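Shown next, in structure tokens, is the structure this report addresses.
Rule-based calculations on the coordinates, nothing more; no lab input. The structure presented is a predicted model; accordingly, all values stated were derived computationally and were not measured. When we count neighbours, we look across all protein chains shown, and the Cβ atoms used for this are built from the backbone with ideal geometry, even at glycine.
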Amino acid sequence: MWREKGCFQSAINSQGVVVDEKKHGKNPYVISIPPPNVTGRLHMGHALNNTFQDMLIRYKRMDGYDALWVPGTDHAGIATQTVVKKMLDAEGIDYRELGREKFIEKIWEWKQKFGGIILQQLEKLGCSCDWDRTRFTMDEGLSKAVVKTFKTLFDEGLIYRGKRIVNWCPVDRTALSDDEVETKEGGEPGFLWHIKYLYADGTGHVVVATTRPETLFGDVAVAVNPKDERYTKLVGKNVILPLQERVIPVIADEYVDMAFGTGCLKITPAHDPNDFEIGSRHKLEPINVMHEDARMNDVVPERYRGLDRYICREKAIEELKKKGLLVLEEERMTPIGRSYRSKAAIEYRLSDQWFVKMKPLAEKVLEKHSELNIVPQRWNKVYLEWLHNIRDWCISRQIWWGHRIPAYYCVRDQSLKTKDQCQEACPPIVSETMPEKCPHCGNTNIEQETDVLDTWFSSSLWPMSTLGWPEETPDFERYFPTTTLVTAKDIIFFWVARMNMMSVHFTGKLPFKNVFLNPVVLDEKGETMSKSKGNGIDPLVVINGSTLEDLKHPVMEARPSNMKEIIKRLEKTFPEGFEGVGADALRYTLIYLSSSGQQLKVSLNSFQDLGRRFMTKLWNAARFIMMYVEQENEKGDSVSIDFTAHITDEDKWIHTRAQLAANKVRECFDNHDFTNLGQHYYQYVWNDFCDWYIELCKVRLISDDAVQRKTALHNLITAFAKTLIILHPLIPHITEELWSKILPLGDKNELWGSARPTTEILMQASFIEKRDIAFEEQVILERFECLKEFVSDVRTLRKSYNIKEAQNLSAHAYALDDAAKHLLAQSQATISRLAHISDLTVLKNRDEKPGRTVAIIHKSYEIYLDVSEYVDVEKEKARLSKEIQKLDNHIVSLNKRLQNRSFVENASSEVVAEQRESLSANKEKLQKLEQLLTDIASW
RNA sequence: AGGCACGUAGCUCAGGUGGUUAGAGUACUACCUUGACAUGGUAGGGGUCGCUGGUUCGAGUCCAGUCGUGCCUACCA
């Protein structure tokens, strides 16, 4: 419905045409979505992240901004390639045999079919993106942006190609950036093997400790620390590499830690980044011993060739043992880097890769840092830390799916097949289009680089490229820089920092003003949700529901160690499956649980307990109002009423509370502080509107006086309309539906008066203006507090004597201040109803209070309840004594404080006055209570 | 190894710039079902604010230390 009516459109549509003049005059508010992977399926993290964005964009839209939320997906190089590869595997097709072009075609086919799923899921969640502007990182325009960026950075010397040690994933057979490698805290169980390397001159041996014996075939030296006296005389000597019998030198290098292992380090430059550095310092040629898939290559002795690295390790150890060269096998936790995608242990591999020189880019971003508002603020530190210790970014990936690097090699000699060899001939040519001939030698046989770019390279341009950059489109002119980025903390480096770099470098501006980092969604035990643990909660299950079987499915798939237990619990908790609670309940629950930006624990139950409960309550409140409106309609008294003339205190009160709620909600949105947002909503809807206001209105709704009834209905419906407006950004579906119901209903019965909403669609209504509370409203609030306390006091007392509600009581009340006086004069009927008092007498004079009554002494009023028949004198004495005791303690502490000269001298005069006032009021109350105690003794 | 956060009621969490007797939701207990809602209402019990010191007239709040938990970065042949 919203989409059909163009509710998600900004002032300029996707074609660049101004479609809304009025909005066009307003300030833009722009969010570009963190593009989910095109292979992605909605998970709780997405649900939370996008709920925040939708809330903000809806709020700003209602608040009159020209709001634009740009959606899209990213091509997720390795992930997508893997998905399609597996699909082809299942069909018995080997993607390598298929060839690059055919494979890419297959991926596009797949994307056409399934690539839109996650966006549809977002729409289901209620996301009010401008779907006409949906982008994909491999779109033509966005690809052009990538090529242009690459070319420019290369020309500026900020992109270079070089032979480096990179993180290599042997499963996906590609390089990975440092950020794509994760190391488990504390390492993983492994061994440190101590191996004898014999001197070449046969005079003895050294012992080298290593965790990776299979790489010894790539050793080019043994290094010791020059300060290590144990080994100084060794430097310059030669040793024999075991298993291969190659002769290598002993060298001295500061890097070696004397205290670690034996103090002797084998140097394998092709398989370790530190060794690579040491190797190049000593001008030692690296020796690569593995294929791309981490099988041993032909450099190693024949018996090891073609073996997987781990099998080779086992065989090598066996052989070393046999030869007596293995001195010690020491158990040890070793750090193992793993690909964040394939989870395979990464191999360090020496290869030609493309890099971005990050330091100059980072420096520019640091200069602009004061213009960036990161919320919560503490993430500034993390972000700055990374920028200060920046390392170059390896952007080439040896896969097929992605933006192929716009670099070309001159292939003069057809026999030179590898690109390394080509490069030796002529330097690579970087160009936006395929060059016709080599500018260096004129050769026309040119081939494009086979590597593609890291997906994050295109993502780093996202806020710009989605708006048309590098073209100067109307979109880019008006909507860039964007306003707010909502994302997760774990991609601050991957994404946020890099977007900032690109944007500042190319446009001179940061791509957004605010970065809000949303909390992390965890399961009920506080563990991260993951497929492998089977503890994830599918947002769509929460929305639509699921059978018990489907609930079990992810757990069965993951097979965690406590699977039986989990399954049992599911069977017990959801024997009939899980009944869907809808998108609004999902959204409400997630936001309600979002505390100050830490973590957020959810279970399936929490969606029922928090979200669904709240939606039901709201729904029932609406039902109540609509029911009475219908009834009124049947009565058919068509009197036209000046609603303002008959407005009551409670009407004024609820309108004031609505205003306060709107103010608070605004504050939450404006400050990106959602800590208490859910509670503000809850308190206003549940406590203010339902518990008190609706209850109070009942008196008038059942009255015989049409004016009273209609006035109550008018205020009920107008206050409820405000409630829907305030709630709409968080729970758009239900509020929109109720809006469409109450509008015509109010019209039919002429209940709106001058407060008739001007928009038929709630989403297009204006949010409630921020306004301070006027003095008279403050007075109303105070009176109401008095009323609440009055009623509660009576209820409490009644409970303490087990007097049923059905039993009406008679009471005398005496007012001590203006609020209470007003209350007793105006609201006797409501008080009587809420407190179940049949007969309330207002005392003009305190002395007129009746005997044999139980008293409530309050600072604003005194109530005397005629309950003597229920009262046990001893019990009442005890009650009073207890209260007196409590009060007395308090008075003593107040006294002590006020008698302390330092307090009176140092504390602010206001505080002192407050304490004095409190003391005298409490003393007075104490006196009264003591009097009551004496009185009761004579019952 | 360094950094960041957190530790308040059984559980999940609120508690700007220090100021009466520390709050909410949930769970628990008791009572209440003919008209919005039992997915409800009313009321009640429940906390030495991790621990130890310090600053202060006054500390859940500020400082130092300590213990515990979680996360991040780096690194360990």
Notebook entry, point to check: In a solvent-free Debye calculation with one equal scatterer on each Cα, what is log10 I(q)/I(0) for the stretch A:46-114 at q = 0.19 Å⁻¹, listed in the order of the q values?
Noted result: -0.76
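Looking at the stretch A:90-135, I'd like the Rg to Rh ratio, where Rg is from alpha-carbon atoms and Rh is Kirkwood's inverse mean 1/r.
Reported Rg/Rh (Cα atoms, Kirkwood Rh): 1.19.
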Check: Cross-link partners among aspartates and glutamates for A:LYS364, C-alpha distance below 19 Å, same-chain residues fewer than 8 apart left out?
Finding: A:ASP155, A:GLU156, A:GLU385, A:ASP392
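Using the scaling law 2.2 N^0.38 Å as the reference, what is the normalised Cα Rg of the stretch A:154-224? The partial results should precede the final answer.
On the way: Rg = 18.3 Å, N = 71, 2.2 N^0.38 = 11.1 Å.
Working it through for the stretch A:154-224, the quotient is 1.65.
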Notebook entry, point to check: In Å, the Kirkwood hydrodynamic radius of the stretch A:201-332 over pairs of distinct alpha carbons?
Noted result: 15.2 Å
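For the stretch A:697-776, take N as its residue count and report Rg(C-alpha) divided by 2.2 N^0.38 Å. Don't jump to the answer; show the numbers that get you there.
Details: Rg = 13.9 Å, N = 80, 2.2 N^0.38 = 11.6 Å.
My calculation over the Cα atoms of the stretch A:697-776 gives 1.19.
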Checklist line | Cα pair distances of the stretch A:742-785 binned at 10 Å [whole percent] | finding: 22, 30, 32, 16
Check: For the stretch A:1-138, what ratio Rg/Rh do Cα atoms give with a Kirkwood hydrodynamic radius?
Finding: 1.09
Next item on the list: Give the long-range amide H neighbours of A:TYR861: residues separated by 5 or more places, or on another chain, with amide H under 5 Å away, using H modelled in the peptide plane at 1.01 Å from N.
Entry: A:LEU816
Notebook entry, point to check: Could you list log10 I(q)/I(0) for the stretch A:849-901 at q = 0.13 Å⁻¹, which the Debye formula gives when each Cα is one point scatterer?
Noted result: -0.46
Notebook entry, point to check: Along the three principal axes, how long is the stretch A:641-798 when you take its alpha carbons, biggest first, rounded to the nearest angstrom?
Noted result: 42, 39, 29
Check: For the stretch A:232-302, what is the Kirkwood hydrodynamic radius in Å, using each pair of distinct C-alpha atoms?
Finding: 13.5 Å
Next item on the list: Provide A:THR758, A:THR466, A:THR528, A:THR39 in ascending order of the number of other Cβ atoms located within 10 Å of each residue's Cβ, fewest first.
Entry: A:THR758, A:THR528, A:THR39, A:THR466
Item checked: Cβ-defined net charge surrounding A:PRO560, 15 Å radius [Lys, Arg +1; Asp, Glu -1] -> +3
Next item on the list: Using Cα pairs closer than 8 Å and at least 6 residues apart in sequence, work out the relative contact order for the stretch A:264-403, in percent.
Entry: 17 percent
Check: Hey, got a sec? Which GluC sites (Glu not before Pro) in the stretch A:477-543 land in a DSSP loop and have at most 15 other Cβ atoms within 10 Å?
Finding: A:GLU524, A:GLU527
Next item on the list: Under 18 Å Cα to Cα from A:LYS111, which lysines show up? Leave out anything in the same chain fewer than 8 places away.
Entry: A:LYS85, A:LYS86, A:LYS102
Check: Rounded to a whole number of µm²/s, how large is the Stokes-Einstein D of the stretch A:325-462 at 4 °C and 1.567 mPa s, given Rh as the Kirkwood radius over C-alpha pairs?
Finding: 68 µm²/s
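Sorted from largest to smallest, which semi-axis lengths in Å does the alpha carbon gyration tensor of the stretch A:869-939 give for its equivalent ellipsoid, taking the root of 5 times each eigenvalue? Don't jump to the answer; show the numbers that get you there.
Working: eigenvalues 223, 19, 13 Å².
Equivalent-ellipsoid dimensions as semi-axes: 33, 10, 8 Å.
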Check: When the Kirkwood hydrodynamic radius is evaluated over all pairs of different C-alpha atoms of the stretch A:198-237, what value in angstrom, to one decimal, is obtained?
Finding: 11.6 Å
Item checked: Of A:LYS283/A:LYS359; A:LYS124/A:LYS357; A:LYS106/A:LYS552; A:LYS5/A:LYS710, pairs whose Cα-Cα distance is over 30 Å -> A:LYS124/A:LYS357; A:LYS106/A:LYS552; A:LYS5/A:LYS710
Checklist line | Residues of type aspartates and glutamates that A:LYS923 reaches as a straight line, Cα spacing below 18 Å, ignoring anything fewer than 8 places off in the same chain | finding: A:ASP817, A:GLU862, A:GLU883, A:ASP888, A:GLU914
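Please give me the summed charge of the neighbours of A:GLY324: other residues whose Cβ is under 14 Å from its Cβ, Lys and Arg +1, Asp and Glu -1.
Working: positive: A:LYS196, A:LYS321, A:LYS322, A:LYS323; negative: A:GLU318, A:GLU319, A:GLU329.
Local charge sum for A:GLY324: +1.
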Check: Given H placed 1.01 Å from N in the peptide plane, which residues other than close sequence neighbours of A:MET290 have an amide H under 5 Å from its amide H?
Finding: A:ASN297
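Would you mind ranking A:ARG623, A:ARG164 so that the residue whose beta carbon has the fewest other beta carbons within 10 Å leads the list? List each step's numbers first, then the result.
On the way: A:ARG623 12, A:ARG164 17.
Fewest-to-most ranking of A:ARG623, A:ARG164: A:ARG623, A:ARG164.
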Checklist line | Average projected area [Cα convex hull, the stretch A:655-712], square nanometres | finding: 4.1 nm²
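Set the bar at 27 Å for Cα to Cα. Now go through A:LYS875/A:LYS928; A:LYS489/A:LYS509; A:LYS266/A:LYS323; A:LYS437/A:LYS509; A:LYS698/A:LYS722 and name every pair that lies beyond it. Walk me through the numbers on the way to the answer.
On the way: A:LYS875/A:LYS928 18 Å; A:LYS489/A:LYS509 22 Å; A:LYS266/A:LYS323 19 Å; A:LYS437/A:LYS509 38 Å; A:LYS698/A:LYS722 20 Å.
Table pairs above 27 Å Cα-Cα are A:LYS437/A:LYS509.
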Notebook entry, point to check: Relative contact order, percent, of chain A when contacts are C-alpha pairs under 8 Å separated by at least 6 residues?
Noted result: 10 percent
Notebook entry, point to check: Using the count of nearby Cβ atoms within 10 Å as a rough guide to exposure, how do A:TRP108, A:TRP495, A:TRP939 rank from fewest to most?
Noted result: A:TRP939, A:TRP108, A:TRP495
Next item on the list: Treating each Cα of chain A as an identical point scatterer and ignoring solvent, apply the Debye formula and state log10 I(q)/I(0) at q = 0.05, 0.06 Å⁻¹.
Entry: -0.47, -0.63
